[in-house]
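For reference, the structure is listed below as structure tokens.
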Amino acid sequence: MTLRVYAIAYLIFLYAPIVLLPVFAFNDATIIAFPLSGFTTDWFSQLLTTQALHRSVQNSLYIACITAVLSTILGVCAARAGAMYNFPMKRSIIGLVMIPLVLPEIIVAVSLLVVAIQILDMGLSNWTVIAAHVLICTPFSIAILNGAFQNLDPSMEEAAMDLGESRWSAFRLVTLPLVMPGIVSSMLIAFTISLDEFIIAFFLTGANPTMPVYIWGLLRFPASLPVVMALGTILVSMSIVLLTIAEILRRRGMARVGVKDKGGFL
Amino acid sequence: MTSLISLSGVNKYFGDYHALRDINLTINQGEFFSLLGPSGCGKTTLLRTIAGFEGVSSGVVMISDRDVAGVPANQRPTNMVFQSYAIFPHLTVAENVAFGLRKRPDIDKSTAVDAALDMVGLTGFGHRSAHELSGGQRQRVALARALILKPKVLLLDEPLSALDKKMREQMQVELMQLQRHVGITFILVTHDQEEALVMSDRIAVMFDGEIGQMDDPETLYRRPNSRRVAEFIGKMNFMDARVTRSAAQIDVDVDGLGACTIDAEQAPVGIDVGLAKVGIRPETLAILFDGETTVRETISGVVDEVVYYGDMTYYDVRIDGVDTPLNIAMKNLIGRPVLDVGEPTTVVWDARSLVLLP
């Protein structure tokens, strides 16, 4: 009984703030407070007509897509190397690659800013954000893809080569289809992380802000709070959908190679 | 017989580890050849150097009179059945079997796949997906997939180790029949001595990266050239002995058994006058039960241990002058009792079944 109460309290603590988002996004008042005054979709229609927002969304999508692809490619390389080969210091190297997962983002952001401006002397642009996002997304990609690659029989690629295929086509014809669900899942998660990420983008973004940075800018104007709520509602729903698809694909991939599911984030 | 594969002076190092030590061997066209040895003896590494998955550190590998150094696996006339079978789980049985035909447009796919599935007894299984198959069926798919390319050599890496005992015995016979039917050279890697004895034309026994002995199964079993070969393949009793004359006939005085004269052939690696070891297989000794008679040599002993197997009983019998009891295998024929520990008994032996080793 106590356990049940605890579980319910815990879930409320986790999700109540998120539930408030759609509540106020449809509330007909500029002040975020109870009691609710009435139903409106004005805030959503304002979203549709704000040019600056559109530009920032485009920016974010651009950054998130490229980040997803790059971090997944790096993840595939790392996961395949870890699963199929033995090399000196393997564990330490894999461990080092995973560290950005637990580094405070603000530290990463500040040091990357220093590196970009003081050392490399490059201007801030979408590409500095992409580089930083790849850094923080790659560990997630590796974690997801590790599962897919660890479950592969290493003889599988050898068998394909033995049957006449080159190393690359053995990878393409056998390994790639078997880890494809992991790849898609990794791209979706990296995409989601990059799309939502604020701190690093805030430090490294150039002339064009990403969407989270734009939202933060809006917060200075209390009148635009309900618009932020509306935008947040859309983002949360999108994130949930993407993460669900990613997890479904990951599980389907496990079933496909016929192994027991032992990992994953969800 | 024409030689198909020959290895001369092959060495392989993994870092500091010397995995293959000066391997020399020739495998003939149409032969069923086995590499037998305990795990870690280098037999799988040797198979992989023939397949092209491992290069050699020194020495020459020839397939069909062609030096295959630097030739990758996909360009060698060899195909392999992997220990895990490595069936592609995202493809159907037919797609698995047809995989190697991608690079061979000259072969009609569906006819070849049907023929290959017929050959391994999986007629009509083509549409099944790989994870619906049992262990034995997966192995047959792996065989069909490798044989469809009509390789000169089929390499089998412990193909029966994942199967249960009944299935294993059945597949041993099927593999032999299949090999005779297709006439392709088979090279089998196994740690199971019985499997190697049953199936092979010739066996190379490997220890620590070296070939200890290479012979046909009967010679290997009856005339092992070292103690470790004798003990790896079946059981053997060993006794101390002194050689008093070594010529076309050898005079030897065996502890516990006494003096006898044997053929020079019974000393596979030759023998000098002096100390030696005598080996004798448990089934070439016998216990003389009440009412039985023999024309062979006898010696008396006391039963030390009895292990009953149903069709067989293994006795350890202690005889005077020998520290270790003799292990004797007896078939439980009609009327034969199972003796008790401590019973006095008579052991029958024959000089012709002795093996003399340095």
Output field shielding_mean for B:78-87 (other chain Cβ, 10 Å radius) holds 5
Between residue B:104 and residues 5 or more places away or on another chain, the pairs with built amide H atoms under 5 Å apart involve none
If B:349, A:43 are placed from fewest to most neighbouring beta carbons inside 10 Å, the sequence is A:43, B:349
P(r) over all Cα-Cα pairs of the protein assembly as shown, 10 Å bins from 0 to the longest distance, whole percent per bin, short to long, reads 3, 12, 16, 16, 14, 12, 10, 7, 5, 3, 1, 0
Once amide hydrogens are built 1.01 Å from N within the peptide plane, the residues lying 5 or more places from residue B:287 or on another chain with amide H under 5 Å from its amide H are B:348
If each part is reduced to its alpha-carbon centroid, segment A:26-92 and segment B:58-73 end up apart, in Å, by 54
For chain A, the longest principal axis of the Cα atoms and the Cα long axis of helix A:105-114 enclose an angle in degrees, to the nearest 10, of 80
Ordering A:108-121, A:130-143, B:157-170, A:193-206 by per-residue average of other C-beta atoms within 10 angstrom, highest first, gives A:130-143, A:193-206, B:157-170, A:108-121
Given A:176-183, B:56-63, the highest-first ranking by average Cβ count within 10 Å works out to A:176-183, B:56-63
Computed ³J(HN,Hα) along segment B:287-299: with the Karplus parameters 6.51/-1.76/1.60, θ = phi - 60°, integer Hz and x for glycine or proline, the list is 9, 8, 7, 3, x, 8, 10, 8, 9, 8, 6, 10, 8
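Other chains near B:106-117: what is the mean number of their Cβ atoms within 10 Å of each residue's Cβ?
Counting other chains' Cβ atoms within 10 Å and averaging over B:106-117 gives 0.
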Karplus-derived 3J(HN,Hα) from phi for segment A:204-215 (6.51 cos²θ - 1.76 cosθ + 1.60, θ = phi - 60°), whole Hz, x at Gly and Pro, runs 9, 6, x, 5, 9, x, 7, 4, x, 5, 4, 4
The exposure ranking of B:277, B:103, fewest beta-carbon neighbours within 10 Å first, is B:103, B:277
Sorted on mean Cβ neighbours within 10 Å (highest first), peptides B:237-247, B:137-147, B:193-203 come out as B:137-147, B:193-203, B:237-247
Using the Kirkwood radius over Cα pairs of chain B, the Stokes-Einstein translational diffusion coefficient at 25 °C and 0.890 mPa s, in µm²/s and rounded to a whole number, is 106
Phi angles of segment B:170-186, converted by Karplus (6.51 cos²θ - 1.76 cosθ + 1.60, θ = phi - 60°) into ³J(HN,Hα) in whole Hz with x for Gly and Pro, give 5, 5, 4, 5, 5, 5, 4, 5, 4, 5, 5, 5, 8, x, 8, 5, 10
Output field shielding_mean for A:162-174 (other chain Cβ, 10 Å radius) holds 6
Taking a ≥ b ≥ c as the square roots of the eigenvalues of the Cα gyration tensor, with a/c under 1.5 meaning rounded and otherwise prolate when a/b exceeds b/c and oblate if not, segment B:1-89 is rounded
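Taking only C-alpha pairs under 8 Å that are 6+ residues apart, what is the relative contact order of segment A:1-120 in percent?
Result for segment A:1-120 is 10 percent.
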Percent relative contact order for segment A:123-266, counting Cα pairs under 8 Å at least six residues apart, stands at 35
Whole-number value, in Å³ per residue, for the convex hull of the alpha carbons of segment A:103-213 is 125
Check: C-alpha center segment B:314-335 vs C-alpha center segment B:194-240, spacing in Å is 23
Cβ density ranking, 10 Å radius, fewest first, applied to B:216, B:255, A:162 yields B:216, B:255, A:162
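Just so you know, all these numbers are worked out from the coordinates, no wet-lab data involved. Fair warning: this is a prediction, and the values are worked out from it, not measured in the lab. Cβ atoms come from the backbone with ideal geometry, glycine included; neighbour counts cover every protein chain shown.
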